[in-house]
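What follows is a set of notes on a single structure, which appears directly below.
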Amino acid sequence: VNAIQQKQDVAGLFNRAAPVYGTGDDFFADVARGLVAHAAPQPGERALDIGCGRGAVLFPVAEAVGPTGRVTGIDLSPSMVELTSKEAEKLRLKTVDVHIGDAEDPDFPGSSFDLITGGMVMFFLPDIPAALRHYAKILKPGGRITMSTFVANDRLRWQPVERTLVEFMPEPPPPAPQQHLDPHSWSDGLLTQLEESDYIQIEVVEQQYDNVFPTPERWWAWTESMATRAAIEAIPADRRDEARRAAFAALETIRDESGRIVWSAVMRFTKAVAGQR
Ligand SMILES: C[S@@+](CC[C@H](N)C(=O)[O-])C[C@H]1O[C@@H](n2cnc3c(N)ncnc32)[C@H](O)[C@@H]1O
């Protein structure tokens, strides 16, 4: 799959997920709060949030920079942009603007931002070194980036459920974004690329998040609400009910000792400062 096709697929997928994205669980909100805490936006700062989605990072950043600051969100998915713009209007946030844009090549003049945030988005970009070079240009001298990425996910423990879904797919499952297969080495790769670019004061913090689903239905809704909906879409519509029942049966085999349905992830927050140019 070439880079352009890859981006169209990602935008299409998130367009379909946008109306329900981040609903029904606190995982995205929790990770976003963690990211904003590490980014520590200051009153009056100018920030860019790449791959802003429904604004899980964008809105807390807007709150932190306050009425004298400004936050721009960009996303490749028009539906995400539309819904998040509407939300900003509803909240009467005049310091927020949201538009369509590519996180790999954000189109802004040099030295525009004090801070760039990226919540769970870097792994969708085909050319990370190019993206990092662009960020270094549009950041003010001394400006900083903070990104969240996965370093571990529960894929192995959840394999019985995943396998059940795959059995209902006429074609092999759609390729997962590269990081989902080996998130740890992907995140280390990001670190190496930062070290090889014009960044200084690189810092990494990791934290585990446990996403507990009160019911199997909530897990299914969650799966439909984000990139993983690609797996459900790969199942013919007339077989989805059957697939869901089979997945719920498989779920029973992976409950934890306390009987909970839990999906855990270790997230990494990577921070860096744009170096001297
Ligand atoms: C997993 S969501 C994260 C959304 C939000 N940052 C959060 O933390 O909840 C990834 C988002 O990145 C967007 N995205 C993916 N590739 C992108 C690109 N090349 N440029 C801009 N946005 C992109 C998707 O459309 C989606 O809204």
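For the chain, averaging the sequence separation of C-alpha pairs within contact (under 8 Å, six or more residues apart) and dividing by the residue count gives a relative contact order of 23 percent.
What's the center-to-center distance, using Cα atoms, between region 106-146 and region 53-85 in Å? Distance between centres, Cα-based: 16 Å.
The share of C-alpha pairs in region 1-64 whose separation exceeds 16 Å stands at 55 percent. Between 157, 70, 46, find the one with the highest GNM mean-square fluctuation for the chain; connect C-alpha pairs within less than 10 Å. The residue with the greatest mean-square fluctuation here is 157. Taking the Cα atoms of region 197-277, the ratio Rg/Rh between the radius of gyration and the Kirkwood radius comes to 1.20. Here the average projected area of the convex hull drawn through the C-alpha atoms of region 124-257 stands at 10.1 nm². Net charge dipole, region 70-109: roughly 420 debye, given to the nearest 20, about the Cα centre with Cβ charges of +1 for Lys and Arg and -1 for Asp and Glu. Just the protein heavy atoms count here, and of the accessible area of the chain at 1.4 Å, carbon and sulfur take up 52 percent.
Relative contact order of region 96-166: 37 percent, from C-alpha pairs under 8 Å at least 6 residues apart in sequence. Residues whose amide H lies under 5 Å from that of residue 115, counting only those 5 or more places away or on a different chain, are 46, 48, 144; hydrogens are built 1.01 Å from N in the peptide plane. Relative to the longest principal axis of the Cα atoms of the chain, the long axis of helix 78-90 makes an angle of roughly 70 degrees. Amide H contacts under 5 Å for residue 102: 107, restricted to partners 5 or more places along the chain or on a different chain, H placed in the peptide plane at 1.01 Å from N. Looking at the chain alone, DSSP beta bridges between its own residues are antiparallel in about 50 percent of cases. In the context of the full protein assembly, residue 169 retains an accessible surface of approximately 20 Å², using a probe radius of 1.4 Å and ignoring ligands and nucleic acids. Say we join alpha carbon atoms closer than 10 Å with springs in a Gaussian network model of the chain; which of 245, 155, 54 then has the biggest fluctuation? Taking springs between Cα atoms under 10 Å, the residue moving most is 245.
Kirkwood hydrodynamic radius computed over region 52-193 comes to 17.0 Å, based on all pairs of distinct alpha carbons. Taking a straight line from the alpha carbon of residue 86, these aspartates and glutamates sit under 15 Å away, with near neighbours fewer than eight places off in the same chain left out: 75, 97. When shorter helices are ignored and each DSSP H run of at least 4 residues is given -39500 (n - 2.57), the per-residue value for the chain at 222 nm works out to -12000 deg cm²/dmol. For region 159-167, 3J(HN,Hα) computed residue by residue from phi via the Karplus equation (6.51, -1.76, 1.60; θ = phi - 60°) reads 3, x, 6, 4, 4, 4, 5, 4, 4 Hz, glycine and proline entered as x. Given in Å, the Rg to one decimal and the Dmax to the nearest whole number for the Cα atoms of region 2-118 are 13.7, 42.
Accessible surface calculations at 1.4 Å, restricted to protein heavy atoms, place the chain at 47 Å² per residue.
Look at the dipole of the chain built from charges on Cβ: of 48, 160, 150, the Cα furthest out on the positive end belongs to 48. In the chain, the ratio of gyration radius to Kirkwood radius, Rg to Rh, stands at 0.97 when only Cα atoms are counted. Between 173, 186, 83, the Cα set farthest toward the positive side of the dipole of the chain (charges on each charged residue's Cβ, about the Cα centre) is that of 83.
The values are calculated or read from the model by the stated rules, or taken from the named source; none is laboratory data. Worth saying up front: this structure is predicted, and the values here are computed from it rather than measured. Methodologically, a virtual Cβ is constructed for each residue, glycine included, from the backbone with ideal geometry; neighbour enumeration extends over all protein chains shown. To get the accessible areas, we keep the full protein, side chains included, count just its heavy atoms, and leave off ligands, DNA and RNA. Shrake-Rupley method; radii C 1.70, N 1.55, O 1.52, S 1.80 Å.
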